2 protein chains.
Amino acid sequence: MAKKIGVLLSGCGVKDGSEIHEATLTLLALDKLGADIVPIAVSKQGDVVDHAKGQAVSEKRNTLSESARISRGDIIDAARTRARELDGLILPGGLGAVTNLSNFANKGYLCNVDPSVGKLIAGMIDDKKPIGAMCIAPATLAGALRDIAVEGVKLTVGNDPDTAAKIEQMDQVHVECAVDDCVIDEEHKVVTTPAYMLTERISEIVPGIEKLVKTVYEMA
Amino acid sequence: MAKKIGVLLSGCGVKDGSEIHEATLTLLALDKLGADIVPIAVSKQGDVVDHAKGQAVSEKRNTLSESARISRGDIIDAARTRARELDGLILPGGLGAVTNLSNFANKGYLCNVDPSVGKLIAGMIDDKKPIGAMCIAPATLAGALRDIAVEGVKLTVGNDPDTAAKIEQMDQVHVECAVDDCVIDEEHKVVTTPAYMLTERISEIVPGIEKLVKTVYEMA
């Protein structure tokens, strides 16, 4: 039977939401495996960045509605999602993963994780179900794990020393990783890959994301 | 030397802009081939659809800024793009391809094509450079070709009889096509594939898009 894998989105666009290519390639890898894909998003009024100008604008947008652009309309609110309804969960990157799923972008290791996200991640850990996270999303995952006193989880964001230090300040272990690989913490069933943290080329993020998705699917 | 291939976007999201998966998979296929990718967008105040609710909202958004979400900030205005600077051009689908690149969605075969889009397509045809279009975008392409008295071009939108009839009313030839294939008009160097016109599964649109991109790249 197809396994149900949640894909947790945080808006639509690398500068204020989910990174579109990472999210799309996650959906593709899951569909190739025959997964029952469950697109999930937080629902809040998120900040907006004009992606052509690279500048913040005063507008706010609902992250659930924006995330649904990536999933072609199929979306459920993270606050209404139970871990028991999923077999695995994957967090694509993009700045929204550290501004809408948590406030890591502003607060660093002192970040607060969105309650619905924290609860969902806690439920996955309690049920010993696998979690994947890519790009900058492992920083939010690190905070969510710290909040439930799960420590020493091996995570990667590639090789950025600043972000790695903050992850270690949240009591997790940062492991350097190449873009075409992923870091697998077998004990906690947590899989992470650097994706766009380490490249600007879409073709180079494919192997790491495929490896992450396959590992999460097999663990589920 | 890497060939320069323009990817003409119309916003960000299947219901009011470019279809995100089609556009992303186009960028991926081009990057795999080593292409020099040139993301292009029309710049206008486009209608907005809430993708979670599937309902139009009163807001307007700039299609250039929204398109830049798909291309991670790298975007140029179609009005400032010359055919002589490109070796090929590809139009992903999504409703924006027939609401922002033209008004085919409302006007059918009587549609007006956005002037910057019409001029760019005319330039590609004059220079005998290849054009690819997927999903519903061939309808706008049909109008742009009609506007410069280029007739009898073989195009596909899959097997939708209503859209096919409108394409024929614009003096082009509709050819039925499976989702994993594309229709190649060798004479006019025009390549089209149905993509999401014929499936709801992302994995099923990959072969047709890869074939289209490879054909355009080889013709360029």
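Numbers for the structure displayed
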quantity: Distance between modelled label sites at B:ILE148 and A:LYS53, nm, 7 Å Cα→Cβ extension; calculated: 3.3 nm
quantity: Those lysines that a straight Cα-Cα span of less than 18 Å connects to A:LYS44, excepting residues fewer than 8 apart in one chain; calculated: A:LYS15, A:LYS60, A:LYS119, B:LYS53
quantity: Segments A:136-146, A:159-169 sorted - mean Cβ within 10 Å per residue, highest first; calculated: A:136-146, A:159-169
quantity: Shortest-first distances to equivalent copies, position A:ASP74, nm, label 7 Å out along Cβ; calculated: 3.0
quantity: Shape category assigned to chain B from the gyration tensor of Cα positions, a/c cut at 1.5; calculated: rounded
quantity: For chain A: accessible area per residue (Å², 1.4 Å); calculated: 38 Å²
quantity: Whole-percent carbon and sulfur share, accessible surface of segment A:149-220, 1.4 Å; calculated: 45 percent
quantity: Rounded FRET efficiency, nearest 0.05, which uses the C-beta distance separating B:ASN106 from B:LYS60 and R0 of 22 Å; calculated: 0.85
quantity: Segment B:65-92 and segment A:29-82: distance between their alpha carbon centers, rounded to Å; calculated: 24 Å
quantity: In the B-A interface, the accessible area buried, summed over both sides, Å² (probe 1.4 Å); calculated: 3000 Å²
quantity: Closest approach to the B/A rotation axis among chain B Cβ atoms, residue and whole-Å value; calculated: B:THR24, 2
quantity: Teacher prompt: A:ILE148 distances to equivalent labels in other copies, 7 Å Cα→Cβ, nm; calculated: 5.8
quantity: Averaged over A:23-32, number of beta-carbon atoms from partner chains that fall within 10 Å; calculated: 5
quantity: Three-way shape label, the protein assembly as shown, alpha-carbon gyration tensor, a/c 1.5; calculated: prolate
quantity: Spatial separation of Cα centroids for segment B:163-220 and segment A:184-218, in angstrom; calculated: 32 Å
quantity: Exceeding the 29 Å Cα-Cα cut-off - candidates A:LYS214/B:LYS129; A:LYS3/A:LYS107; A:LYS166/A:LYS211; calculated: A:LYS214/B:LYS129; A:LYS3/A:LYS107
quantity: Cα gyration tensor category, rounded, prolate or oblate, for segment B:41-94 with a/c compared to 1.5; calculated: prolate
quantity: Relative contact order of segment A:26-161, pairs being alpha-carbon contacts under 8 Å that are 6 or more residues apart, as %; calculated: 20 percent
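The values are calculated or read from the model by the stated rules, or taken from the named source; none is laboratory data. The structure presented is a predicted model; accordingly, all values stated were derived computationally and were not measured. Neighbour counts run over all protein chains shown; Cβ positions are idealised from the backbone, glycine included. What goes into the accessible areas is simple: the full protein's heavy atoms, side chains included, and nothing from ligands, DNA or RNA. Shrake-Rupley method; radii C 1.70, N 1.55, O 1.52, S 1.80 Å.
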